[in-house]
1. Quick check on A:Glu261: is it of a type outside the set (A, V, I, L, M, F, W, C) and either touching a His at 6+ places or on another chain (Cβ under 8 Å) or within 12 Å of chain B (Cβ to nearest Cβ) (or both)?
2. I'd like to know if region B:99-113 contains one or more residues that are within 18 Å of the chain's Cα centre (by Cα), within 14 Å of chain A (Cβ to nearest Cβ), assigned to a strand (DSSP E or B) and of a type in the set (Phe, Trp, Tyr).
3. Considering every residue within region B:72-90, establish whether at least one is away from chain A (no Cβ under 14 Å), surrounded by fewer than 22 Cβ atoms within 10 Å (Cβ to Cβ) and more than 21 Å from the chain's Cα centre (by Cα).
4. Determine which member of the set B:Val308, B:Val335 is modelled with pLDDT under 95 and more than 14 Å from every other protein chain (Cβ to nearest Cβ).
5. Just give me the residues in region A:280-335 being within 20 Å of A:Ala237 (Cα to Cα) and part of a strand (DSSP E or B), in sequence order.
6. I'd like to know if region B:138-150 contains one or more residues that are within 20 Å of B:Ala75 (Cα to Cα) and free of Cβ contacts under 8 Å to residues at least 24 places away in the same chain.
7. Among the residues of region B:166-199, how many are in contact (Cβ under 8 Å) with a residue 40 or more places away in the chain, within 14 Å of another protein chain (Cβ to nearest Cβ) and either in a helix (DSSP H, G or I) or in contact with a strand residue (DSSP E or B) (Cβ under 9 Å, 6 or more places away or on another chain) (or both)?
Number of protein chains: 2
Amino acid sequence: MNKAELLARVNRGPLTESVHTGHIAVVDGSGTLLAGVGDPEALIFARSAAKPLQAVPVVASGAADKFGFSGEQIALMCASHNGEPEHVEAAADMLRKLGLSGEALLCGPHYPYHEPTADRMKRQGIEPSRLHNNCSGKHAGMLALARMTGATAEDYDSPDHPVQQTMLRAVAGLAGMPHDRIALGIDGCGVPVFGLPLGQLARAFAALGTPDRLDERQANACRSIVKAIRSYPKYIAGDDRFDTHLIRATGGRIVGKMGAEGVFAATVPGQNAALAVKIADGSARALYAVVVEALFQLQWLEPDELAVLEPFHQPPIRNWSGRQVGSIATDFRLV
Amino acid sequence: MNKAELLARVNRGPLTESVHTGHIAVVDGSGTLLAGVGDPEALIFARSAAKPLQAVPVVASGAADKFGFSGEQIALMCASHNGEPEHVEAAADMLRKLGLSGEALLCGPHYPYHEPTADRMKRQGIEPSRLHNNCSGKHAGMLALARMTGATAEDYDSPDHPVQQTMLRAVAGLAGMPHDRIALGIDGCGVPVFGLPLGQLARAFAALGTPDRLDERQANACRSIVKAIRSYPKYIAGDDRFDTHLIRATGGRIVGKMGAEGVFAATVPGQNAALAVKIADGSARALYAVVVEALFQLQWLEPDELAVLEPFHQPPIRNWSGRQVGSIATDFRLV
C-alpha cells in the first residue's frame with residue numbers, strides 16, 4: 001500500500017481537510033495495463049466487487065435455468081443490495097424455488113442499507129432477517145450451486161466446501177491467475193473473499209464483459225449475467241446507490257460493482273477493457289467520485305452521462321442544517 | 001498532507017486490506033516539539049477538539065458562574081455528546097438558566113450518536129431536536145457568552161459575531177499564534193471551525209492543562225474546565241465513547257477530546273505537555289487505537305490503563321454474525 005497516490009481531496013472552506021489516496025488499474029482482457037495510478041498491482045481484497053464473477057459458475061452450472069431464476073434474481077446474485085422490499089422478496093423467492101427458507105442463508109442479519117427502509121422497520125419494531133443482508137442474493141446463488149451439484153447446503157460458507165472451491169477457481173480463471181495464488185479472508189457475510197492484485201480484478205471484469213476467450217458455457221454465463229445487470233440495475237444495488245445510477249446513466253454501456261473497503265470494478269461489455277479502483281484507507285465517500293472521474297478521463301463516459309452522475313462526481317459536504325460547507329474533489333491523472 | 005505516514009493497518013486474514021496514515025505532534029507548553037510522526041505542523045481543522053478551548057472564554061467571562069452552570073454543564077460545553085437523556089436534559093437546563101428555549105440553538109437537529117437512544121427514538125416515532133445535536137452544550141455556552149456580554153443571540157453563529165470573534169482570539173491565544181493566521185471553515189453545527197497547524201492544537205491543549213503562563217482569569221477558567229471534565233467524563237462524550245473511557249481509565253490524569261475528520265487532542269494536566277493526532281483520510285476507526293498507542297509509547301498511560309483501553313487499542317473487525325474476521329493494528333513509532 002506504500003505507493004498509494006492522491007486520488008481525492010476533502011475540502012472545507014479554505015483548506016483541504018482530509019485526503020484519500022489509492023490505486024487505479026485499467027487493463028484489457030489480456031491483462032495488459034492501459035493506464036494506472038498508484039500501484040495497479042496492489043494486493044487487495046475484491047470483497048463484493050467479486051460478486052458478478054462469483055455468479056458465473058452458478059449460471060454456468062445450469063442452476064439458474066433449472067431453478068427458474070428470473071433476470072432480476074440473476075442480478076441480485078451479483079448485488080450488494082439495499083434491502084428494499086423488492087430485493088428481499090426476490091431473495092425469498094429464490095429460496096422458495098430451491099425449496100428452502102431464509103434460515104438456510106448463513107449470512108448474518110443487518111438492517112437494510114436503504115435508510116428509509118431501515119428507519120421504517122425500526123419505527124414498526126421489525127427486526128432484520130438474513131434476507132435483508134445485502135449479500136442474500138449471492139448466498140441464494142451459492143445454495144443453488146450446492147443444490148445443482150449435490151453438495152451439502154448446511155456448511156456452504158466453509159472455504160473447503162465444493163461451492164467455495166468452485167467459486168475460487170472460477171474467479172481465478174477469470175482473473176487469469178492460479179487459484180492457489182489468491183489469498184483468502186472472511187467477508188462480512190461469512191464466506192471467503194478473494195485477495196488478488198488490483199489489475200487482476202480489472203482483468204476478470206474485462207473477461208466478464210468480453211468473454212470471447214472463455215469456453216462456451218462460461219462465456220454464455222457471463223453474457224446472461226451482464227444482460228441481467230443491464231436490464232435490472234436496481235437489483236444490483238438500489239435506488240440511491242451509485243452502481244445502479246452508473247448503469248442507468250449509461251443505458252447499461254458500463255457495468256460496475258462496488259466492494260467494501262473502497263473497491264470498485266467496471267467494464268464496458270464488448271470493448272475488452274475494464275478498470276478497478278482501491279481507496280487505500282477503505283472509505284467509500286470518495287470512491288464513486290474517483291470512479292466517475294477515471295471513467296471520464298478514459299472517455300468511457302460521455303459528457304452528458306457525466307452531468308447525470310455529477311452528484312456522485314463532486315459530492316457536497318453539508319452540515320446538519322443542510323448548508324454546503326465543503327466538497328470532495330478528485331485530484332489525479334490517469335497515465 | 002503529503003508527508004502523512006503510516007499509523008495503522010486494517011488486517012483481514014493474511015492481508016493488510018486498508019491503511020490509515022496521518023500525523024502526530026507531541027509538544028510542551030512553549031510549543032517545543034517533543035516527538036512526532038508524519039508532519040507535526042500539518043494544517044488541520046481542529047473541529048470539535050477545539051471545544052474545551054472554546055469553553056475558556058465562556059467561563060473566563062463569568063457566564064458559567066452568573067447563570068449557575070453545574071460542573072456537568074461546563075463539561076457539556078466541551079462535549080461532542082451522545083444525545084443520551086442526561087446530555088439532552090443538561091443542555092435544556094442550560095437554556096432554561098439563560099431564559100431561552102432549545103429553538104435558540106442554531107445547530108441543526110440530528111439523531112443521537114448513541115445508537116440505543118437513537119433506535120429507541122425511531123421506534124417511538126420521536127424526531128430529534130437541536131438539543132440532541134452533539135454540539136448543543138457548546139452552542140448553549142455560546143449563547144451564555146452572548147448574554148453575558150450583551151451581544152445579540154440571534155446570529156451568534158456568524159464568523160463576525162462578537163462571540164465567534166472572542167472564541168477565535170481565545171483559541172489563537174492558547175495556541176500561541178496570531179488570530180489572523182487561523183483559517184476559518186464552517187462546522188457541521190454551523191459555527192466557525194479553526195484551521196491551524198497540528199502542533200499548535202497540541203500547544204493549546206498543553207496550555208489548557210497547565211495554564212501557568214495565562215492571566216489569572218483565563219488560568220482559573222482552564223482549571224474549572226479541566227476539573228469539570230475530570231469529574232463528569234460522561235458529559236464530554238457518553239457511555240460507549242473513547243473520550244469518556246480514556247478519562248475514566250486514567251482517573252482523570254489524562255484529558256482528551258476528539259474532533260470530526262480524525263482529530264484528537266489530549267493533555268496531562270499539570271505536566272505541561274500535550275499530544276494531537278490527525279488521521280489524514282479523516283476516518284475515526286483507527287483514531288483511538290493510534291491515540292492509545294501514542295500515549296503508551298510516551299509512557300503517559302500505565303500498562304494497567306492500557307489493558308482497560310484494549311478494546312479501543314486493537315479494535316476487532318467482526319462480520320454480521322459477530323465473528324472476528326480482522327483487526328486494526330497500529331504501526332508507527334513516535335520519534
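The values are calculated or read from the model by the stated rules, or taken from the named source; none is laboratory data. This is a predicted model, so every value here is computed, not measured. Reconstructed Cβ throughout: ideal geometry from the backbone, glycine too, with neighbour counts over all protein chains shown.
1. On the way: of a type outside the set (A, V, I, L, M, F, W, C): yes; either touching a His at 6+ places or on another chain (Cβ under 8 Å) or within 12 Å of chain B (Cβ to nearest Cβ) (or both): yes.
Taking the combined requirement at face value, the residue satisfies it.
2. Quick first cut of region B:99-113, residues within 18 Å of the chain's Cα centre (by Cα) only: B:107, B:112-113.
Remaining after also requiring within 14 Å of chain A (Cβ to nearest Cβ): B:107, B:112-113.
Then keep just the ones that are assigned to a strand (DSSP E or B); that gives none.
No, every residue in region B:99-113 fails to be within 18 Å of the chain's Cα centre (by Cα), within 14 Å of chain A (Cβ to nearest Cβ), assigned to a strand (DSSP E or B) and of a type in the set (Phe, Trp, Tyr).
3. no
4. Values: B:Val308 fails: modelled with pLDDT under 95.
That would be B:Val335, the only listed residue that is modelled with pLDDT under 95 and more than 14 Å from every other protein chain (Cβ to nearest Cβ).
5. The answer is none; no residue qualifies.
6. Step one: of region B:138-150, the residues within 20 Å of B:Ala75 (Cα to Cα) are B:138-148.
Those left that are additionally free of Cβ contacts under 8 Å to residues at least 24 places away in the same chain: B:146.
The answer is yes; a qualifying residue exists.
7. Total satisfying the criteria: 11.
Each row is one residue, and each column tells you yes or no for (1) more than 18 Å from the chain's Cα centre (by Cα); (2) among the hydrophobic types (A, V, I, L, M, F, W, C); (3) crowded, with 24+ Cβ neighbours inside 10 Å.
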position	(1), (2), (3)
B:Arg241	no, no, no
B:Arg253	no, no, no
B:Val268	no, yes, no
B:Asp304	yes, no, no
